[in-house]
Amino acid sequence: MILSKFIFPQNYNFKSKLLGIIDYSTATFNAIWIALVFLILKLFSLNLKVKIFIMITLCLPILIFSITGLNGENIINVLYYILKYLLKPKAYVFKKIKNHGL
């Protein structure tokens, strides 16, 4: 049996992922978010069905977004860029001026 060696190119960016689909930092962020929502919901005396509904409503969209991602971008970086823009919004408008060489 002939085994061939696979050589990773030097410009290949290898990122270790949990179960091959989610970054460890994103999984940590999701776990902290879910635990925080769970602890806040535990403070209120609500019906179990209401707690489950609120938990799914607050946690599932973030979990799905972090798994599907935004062009392979980490969810923590996306939240950082959104927060950075909200704090200091800048709009760059460029006007192209044609020079006819007169």
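Taking θ as phi - 60° and the Karplus parameters 6.51, -1.76 and 1.60, the scalar couplings of the range 29-43 work out to 4, 5, 5, 5, 5, 5, 5, 5, 5, 4, 5, 5, 5, 5, 5 Hz in sequence order, x denoting glycine and proline.
Label sites at S16 and L46, each approximated as a point 7 angstrom past Cα along Cα to Cβ, lie 3.7 nm apart. Quick one: Karplus J couplings for the range 57-66, per residue in order, coefficients 6.51, -1.76, 1.60, θ = phi - 60°, nearest Hz, x for Gly and Pro? Whole-Hz 3J(HN,Hα) from phi for the range 57-66: 5, 8, 9, 5, x, 5, 5, 5, 4, 6. Projected label points at T57 and L39, each 7 Å from Cα along the beta carbon direction, are separated by 2.3 nanometres.
Above 14 Å, the calculated P(r) of the range 50-94 contains 64 percent of its Cα-Cα pairs.
Since every read-out is calculated from the coordinates, none of them should be taken as a lab result. Just so it is clear, the model here is predicted, and its values are computed rather than measured. Note that each Cβ is placed from the backbone with ideal geometry, even for glycine, and that neighbours are counted across all protein chains shown.
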